[in-house]
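Here the structure comes first, spelled out in structure tokens, and everything after it is commentary.
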Number of protein chains: 6
Amino acid sequence: MTEFNSDFRRADGRALDEMRKVTITRGFTDNPAGSVLVTFGNTRVMCTASVEQSVPRFKRDSGEGWLTAEYSMLPASTHERMPRESMKGKVKGRTHEISRLIGRSLRAAVDLKELGENTINIDCDVLQADGGTRTASITGAYVALADALTYLHAAGAVPGTPLKAPVAAVSVGIIDGRVCLDLPYEEDSRAEVDLNVVMTAEGKFVEIQGTGEEGTFDRVQLNQMLDSAEKGLRELIAVQQEVLRAPYPGKLP
Amino acid sequence: MTEFNSDFRRADGRALDEMRKVTITRGFTDNPAGSVLVTFGNTRVMCTASVEQSVPRFKRDSGEGWLTAEYSMLPASTHERMPRESMKGKVKGRTHEISRLIGRSLRAAVDLKELGENTINIDCDVLQADGGTRTASITGAYVALADALTYLHAAGAVPGTPLKAPVAAVSVGIIDGRVCLDLPYEEDSRAEVDLNVVMTAEGKFVEIQGTGEEGTFDRVQLNQMLDSAEKGLRELIAVQQEVLRAPYPGKLP
Amino acid sequence: MTEFNSDFRRADGRALDEMRKVTITRGFTDNPAGSVLVTFGNTRVMCTASVEQSVPRFKRDSGEGWLTAEYSMLPASTHERMPRESMKGKVKGRTHEISRLIGRSLRAAVDLKELGENTINIDCDVLQADGGTRTASITGAYVALADALTYLHAAGAVPGTPLKAPVAAVSVGIIDGRVCLDLPYEEDSRAEVDLNVVMTAEGKFVEIQGTGEEGTFDRVQLNQMLDSAEKGLRELIAVQQEVLRAPYPGKLP
Amino acid sequence: MTEFNSDFRRADGRALDEMRKVTITRGFTDNPAGSVLVTFGNTRVMCTASVEQSVPRFKRDSGEGWLTAEYSMLPASTHERMPRESMKGKVKGRTHEISRLIGRSLRAAVDLKELGENTINIDCDVLQADGGTRTASITGAYVALADALTYLHAAGAVPGTPLKAPVAAVSVGIIDGRVCLDLPYEEDSRAEVDLNVVMTAEGKFVEIQGTGEEGTFDRVQLNQMLDSAEKGLRELIAVQQEVLRAPYPGKLP
Amino acid sequence: MTEFNSDFRRADGRALDEMRKVTITRGFTDNPAGSVLVTFGNTRVMCTASVEQSVPRFKRDSGEGWLTAEYSMLPASTHERMPRESMKGKVKGRTHEISRLIGRSLRAAVDLKELGENTINIDCDVLQADGGTRTASITGAYVALADALTYLHAAGAVPGTPLKAPVAAVSVGIIDGRVCLDLPYEEDSRAEVDLNVVMTAEGKFVEIQGTGEEGTFDRVQLNQMLDSAEKGLRELIAVQQEVLRAPYPGKLP
Amino acid sequence: MTEFNSDFRRADGRALDEMRKVTITRGFTDNPAGSVLVTFGNTRVMCTASVEQSVPRFKRDSGEGWLTAEYSMLPASTHERMPRESMKGKVKGRTHEISRLIGRSLRAAVDLKELGENTINIDCDVLQADGGTRTASITGAYVALADALTYLHAAGAVPGTPLKAPVAAVSVGIIDGRVCLDLPYEEDSRAEVDLNVVMTAEGKFVEIQGTGEEGTFDRVQLNQMLDSAEKGLRELIAVQQEVLRAPYPGKLP
């Protein structure tokens, strides 16, 4: 890892540790209690948080709430149209895997005891995919969750203050031996190593998932990737905090 | 039908034969050849037309193309979140019914012989639902189709000029005995009769579907509803023609 | 539409506005409360109405009943055997669409409040298909429904008199520019326009579904088709009324 | 087993080894090459044999044909309506088990080499169920198969003479210690032992399935049951042979 | 059947009426109340009996228990790997058929009234398949059932003494006209006739299933096969009784 | 993290960084080319590697092979019996997630170009579950893979030498603030943080998945967990290398 081709350049001209342009729009749609459009460059995900004043059977009479998440790509979100999972009657393994990751990550942002017996359903629907759809989903869903909890609180349905500090996620990869932050599709598909990091505003990890299918990685590289990820995550959390400074975008009950 | 309560008013203040505000945005996303966001008031549908340079088995070696359509509501598009069909492993009858209506309607807008052995996949994904999602879908999908055919033509993949005159759709209903155009959800759910009309720019019907589950209707009422629908449809077709005057919104091959 | 080939003839020699031979046999099978075999020419459908003294969850404690319908074609009912939907694990869109049409149409023939908390399950199983299976289904199912309500009444399970006036259905199409009534398969497959009309004995429409996939149609043609349909419907309703004059065909409780 | 209540009587007054009334109607419907309505008392099954001039993959280029069978009960065929398997998206174990039994039994009646690369699809759809649906299905399906092979032969599509001697099936059970032939539902549901026997006209067994869920049985009882079954089977085979003496009921190619 | 080739030999050198080596290992795994590994030659099946202190809906408040069984082959249990049924989303007919046979056979070994409102779930998972997997499953599952009932009894959850006398199963077939006991895969696949016999320790039949797809069989052959089967079954029951003489292999509650 | 309760003890008496007893048995079953039973304490998994001399469509004519993996728990492998996924018709998200992890990990142990157009199907079926089923699966599957490649090589079907250095996996968690290696179920269910590490014999990471659903973790803790995991992984790889020193356990082609 000592010598690189000195003219390594990212296709979009970014520095190695530079995020794509990130935007988070609250109140993207009106029906769910929290609704956000998040963009990481060309990746666009609609993240919603819907509330239900009840809990699934395994939480009944526990005094605790629950949060669950579903992720899906619209058929035309990718370059080649993908078959619609509902029409095939089967959900792909990748969809399940990402839905579960989003659920675990967002449960780290909510105190289920403080939530009381309410359920939050997170939906992340990818309108346009260009890499990083799972990390954009988690980052946007936190903001939708915050809005949904504000809504539940205004409805007098939450016993405590369930929202914890922001949780965001970013991907980082190794391409031609270089650590690159926030990979678009073109980079992701040729990365030797791919690491997704979910972190709280306190700088603690919620989840790290590193995969070296096209290569492997050692402890030094892992630490370099974590350094880069942390830089991106601090920026993402700043965006989350910034957009949440404005009042609830819809009508409170 | 002779005497009405003289102070009948629609909740949103519209005249009986007045459309909601309609917008059609081309180039809404980048990956599909045609991508449109259509809004009828608070109803918002993403309509895409993806192209495939091949045909399904039953059209192979026929020299003709094919067009198929799928409709879906995002789980959080409605006031109460709906379960995701892919997770239930089953597509609801309503979804099937609307997908088939959209497919038939759009096939009336394309000459399959002129299309050659290409397939157009229409996807209509409802981001926000407030009544009229099927009619907005058809109206928006025509514009996405037009863009997709422009793209295919630029790619040299279309033997002829397959696009026919615009096709649009609108709903009309009878509420408290009055014929009302373009029903939002609140009106739709209490209408005695509900009629969806799909029409071409030449003023010919492609499809009419009238249902009187909460009531029935006679020939006079049918003609009144068709009059109202035609007025709305001429306005919708004018919007379609207007937005299609601008050049293709993306990069042609 | 002014000049026709003067020697236009229907394959089966019928006049343009002549129905095929229609028969309705009550008490076709013994187990369901209502069981009917209906034939429109070579089309044969077994229509049953089964009763359940309870209602689905969404109607519980409403004091109202419910009616639902399922349509299916036996695999060997068509010229080419069709795969059995249960073996494929999927119901086709067409099946869903027709089941829903039958359900809506028959609900127009029953007063759900008068029915009390009972459920009627309509099953229409096509034994032999030669066009018009959905219209034969609706026409036959009304008679099965009438018998089932007689049975429920005799069992002391119905609070009121839920049966409304007869509902029947017929198809009409445009072939080579001519309006033809009650299309067999051979005509249906080459019709430019196809209209299904569901009407009550009072001459009110319950449902009209017109499709012009192979062509389009204008208001004049629509009215011609409705005229022809009404003639057929009056004949069908006369058959329904005639066969219902005989007493209940089975053993009452 | 030595002493019986001397006034044991079957509910329908039959002798212990007496069959219910059996009828086999050829040409029941027109589309399949073979179509039969078979009745064993109140049990009524529509059995069809459809032909396909090709074979499934595992028989391709083998020079041999194939025969497969599907059994299904219409939802309203039973006293209590059963849910439709296509709507549940799952086929029950009992359905699978009977379909496989019918397939194996009918393959004993056809020489697959003489059939050449053709496929026979047997469908047995129960219109009304009163016990013995699987045995009626096999008995009726043989006749449908015979007609289908006559049709294929007339079409010049069969290289040899594939039809073998008749195959029929009957049930026999032990009720209150007595061997009873051809059980209707009421007897079947309280039999201690239930035996289904499939036999050829040469008196050879194709399949025997004996179940003693409510009791067990010894070799003596087995032989008594087989004696009774053979008597019934000879009568059934006589009916098959009798009805097949008439010419093919439809139009040959 | 009078003259045979005098040098007929079974591939594994066994006499015609000789069983393969049979072993039954109790306490094969620790979690279920009964867990057994059974081997018939190279066939190896893990049979477990899990207990649930409740019953399915149709047995609720009956005072009786229930027993149900599921059979499955691991994908790599056969020479050619088989697709996993869970991944295909469909259970094969053969799997259903065998699961039902095991359930019926084991219900003959338990008195459901004495069991009280408890459920026994039998699982038979084939680790290695070499013919006779269904008969090995039944034979091993009886031992797992016995252990599960011992466990339930020690837990004070069984009102009576539900275990009945041993039930075992064996296959017998006709190969080149000779009756052979306990067929391995190689023999099973070329047998003219195949008979599975389930019998109790009292020598009564619970189930017999004979199939002559490649041939047929007469009464004489049936009796020869039953003689051979009985010999094997007595040996199997001796093994069951022998292994059950040792105390419960795990920790009782 | 500075002060711990000095008498912290693991339930099974192990030191914090001590593995459970690990065994790997080759030639566990005979049919697949590679078949291994792996145990980590009470966790027992059957890992098989089946070979197919062809590739899935997306690899055809690429000159490269493919490896895919499926993981499943037998219903009675857990303390409470779990419903069988094949009977529910749906694969759970957790099953998909682990199957994908095993597939990615094992693909890191094989050079797909050297493999040529062959497919390896890995099946990991959990016979008994006590935590660490996914890590035991990966560790055992490597050995099954090695055997399968030896078999393919002996069959002359592999162009090169596809097997790479050993890949093993282990879990590590934080319990009451302490880093513990190789968690059994009881520890896993109350761990604050759970990390699965997949590593090659060269000490490079293939995959790391850390989850802090019940807590979060910082960089220091991550490094402590990785240290502990590496110790366990070196021991596992030694076991793999040791057992692979013996010759192929079955019959080579």
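The values are calculated or read from the model by the stated rules, or taken from the named source; none is laboratory data. Keep in mind it's a predicted model, so treat the numbers as computed, not measured. So basically every Cβ, Gly included, is an ideal-geometry build from the backbone, and we count neighbours across all protein chains shown. Surface accessibility is based on the protein's heavy atoms, side chains included, excluding ligands, DNA and RNA. Shrake-Rupley method; radii C 1.70, N 1.55, O 1.52, S 1.80 Å.
Calculate how steeply helix A:219-243 sits against the longest principal axis of the alpha-carbon atoms of chain A, using the helix alpha-carbon long axis, and give the answer as 0 to 90 degrees to the nearest 10. It works out to around 40 degrees. Near A:Glu70, the amide H atoms lying under 5 Å from its own belong to A:Ile122, A:Asp123, A:Cys124; only residues 5 or more places off or on other chains count, and H is placed 1.01 Å from N.
For chain A, the relative contact order works out to 22 percent when only alpha carbon pairs closer than 8 Å and six or more residues apart are counted. Other protein chain C-beta atoms within 10 Å of residue C-beta, averaged over A:122-128: 5. For the rotational copies A and E, the chain A residue with its Cβ nearest the relating axis, together with that separation in Å, is A:Gly89, 4. Just so you know, the Cα atoms of region F:64-147 work out to an Rg and Dmax of 13.9, 44 Å.
Each part gets one Cα centre, and for region F:174-253 versus region C:199-249 those centres are 73 Å apart. Normalised by 2.2 N^0.38 Å, where N counts its residues, the alpha-carbon radius of gyration of region F:1-109 equals 1.46. For E:Lys113, the aspartates and glutamates whose Cα falls under 18 Å of its own Cα, not counting residues fewer than eight places away in the same chain, are D:Glu192, D:Glu213, D:Glu214, E:Glu52, E:Asp61, E:Glu64. With all projection directions averaged, the alpha carbon convex hull of the protein assembly as shown covers 61.1 nm². For D:Thr43, the residues whose modelled amide H falls within less than 5 Å of its own, excluding neighbours fewer than 5 places apart on the same chain, are D:Asp130. Residue by residue, region F:15-30 carries 3J(HN,Hα) couplings of 5, 4, 10, 9, 6, 5, 5, 10, 10, 10, 10, 7, x, 5, 10, 9 Hz when phi is fed to the Karplus relation 6.51 cos²θ - 1.76 cosθ + 1.60 (θ = phi - 60°); x denotes Gly or Pro. Net charge dipole, the protein assembly as shown: roughly 0 debye, given to the nearest 20, about the Cα centre with Cβ charges of +1 for Lys and Arg and -1 for Asp and Glu.
Buried surface between chains E and D: roughly 2800 Å² of accessible area, summed over both sides, computed with a 1.4 Å probe on protein heavy atoms only. Excluding same-chain neighbours fewer than eight residues apart, the aspartates and glutamates reachable from A:Lys21 by a Cα-Cα span under 19 Å are A:Asp12, A:Asp130, A:Asp182, A:Glu186, A:Glu187, A:Asp188, A:Glu230, A:Glu235, A:Glu242, B:Asp30.
Only the Cβ atoms of Lys and Arg (+1) and of Asp and Glu (-1) were treated as charged; on that basis the dipole of region C:164-253 about its Cα centre amounts to roughly 660 debye.
Between this copy and the others, label points of E:Lys231 are 3.5, 6.3, 8.3, 8.3, 9.5 nm apart in ascending order, each placed 7 angstrom from Cα in the Cβ direction. 3J(HN,Hα) couplings calculated from phi for region E:142-153 with the Karplus curve 6.51 cos²θ - 1.76 cosθ + 1.60 (θ = phi - 60°) are, in sequence order, 4, 5, 5, 4, 4, 5, 5, 6, 4, 5, 4, 5 Hz; Gly and Pro show x. The Rg/Rh ratio for region A:96-142 is 1.01, where Rg is the radius of gyration of the alpha carbons and Rh is the Kirkwood radius.
Which parts of region A:122-144 would a label at A:Thr68 reach, counting a residue when its backbone N lies under 17 Å from a point 7 Å out along Cα-to-Cβ? Flagged as within label range: A:122-125. Shielding value for A:92-101 is 5, the average number of Cβ atoms from other chains within 10 Å of each residue's Cβ. Rolling a 1.4 Å probe across all protein chains gives E:Met225 an accessible area of roughly 0 Å².
Can you find, among C:Pro83, C:Ser54, C:Leu112, the residue sitting farthest towards the positive end of the charge dipole of region C:43-147, where Lys and Arg contribute +1 and Asp and Glu -1 at Cβ? Value computed over the given set: C:Pro83. Taking each of C:Lys88/E:Lys59; C:Lys88/E:Lys90; B:Lys231/C:Lys231; C:Lys90/D:Lys59 in turn, the alpha-carbon distance tops 20 angstrom for C:Lys88/E:Lys59; B:Lys231/C:Lys231; C:Lys90/D:Lys59. Counting only other chain Cβ atoms within 10 Å of each residue's Cβ, the peptide D:40-48 averages 2. Protein-only accessible surface at a 1.4 angstrom probe places the residues B:Ser99, F:Ser189 in the order F:Ser189, B:Ser99, largest first. Take F:Ala165, move 7 Å from Cα toward the beta carbon, and the resulting point lies 3.8, 6.6, 7.4, 7.4, 8.8 nm from the same point in each other copy, nearest first. The simple Förster model, with R0 at 41 Å and r as the Cβ-Cβ distance, assigns E:Glu186 and D:Arg94 a FRET efficiency of 0.85. Label-point distances for C:Glu114 to the equivalent site in the other copies, using a point 7 angstrom along Cα→C-beta, read 5.4, 5.9, 5.9, 6.3, 8.3 nm when ranked shortest first. Peptides B:55-65, F:201-211, C:58-68, D:161-171 ranked from most to least packed by the mean count of surrounding Cβ atoms within 10 Å: D:161-171, F:201-211, C:58-68, B:55-65. For region D:59-211, taking Cα atoms only, Rg and Dmax work out to 17.0, 54 Å respectively. Taking other residues whose beta carbon is less than 12 angstrom from the beta carbon of D:Ala148, and scoring Lys, Arg as +1 and Asp, Glu as -1, yields -1.
A straight Cα-to-Cα reach below 12 Å connects D:Lys164 with the aspartates and glutamates D:Asp111, D:Glu114, D:Glu202, residues fewer than 8 places away in its own chain not being considered. Note on region A:203-244: Kirkwood hydrodynamic radius from all Cα pairs is 11.9 Å, rounded to one decimal. Compactness of region A:130-253 is given as radius of gyration and Dmax, 16.9, 54 Å, from Cα positions. Here the Karplus curve 6.51 cos²θ - 1.76 cosθ + 1.60, taken at θ = phi - 60°, turns the phi angles of region E:70-87 into couplings of 10, 10, 7, 9, 5, x, 9, 6, 9, 4, 8, 4, 9, x, 6, 5, 5, 6 Hz, with x standing for Gly and Pro.
Here the ratio of the Cα radius of gyration of region D:12-67 to 2.2 N^0.38 Å is 1.71. Once backbone amide H atoms are built at 1.01 Å from N, A:Gly27 has A:Ser35 as its partners under 5 Å, excluding neighbours fewer than 5 places away on the same chain.
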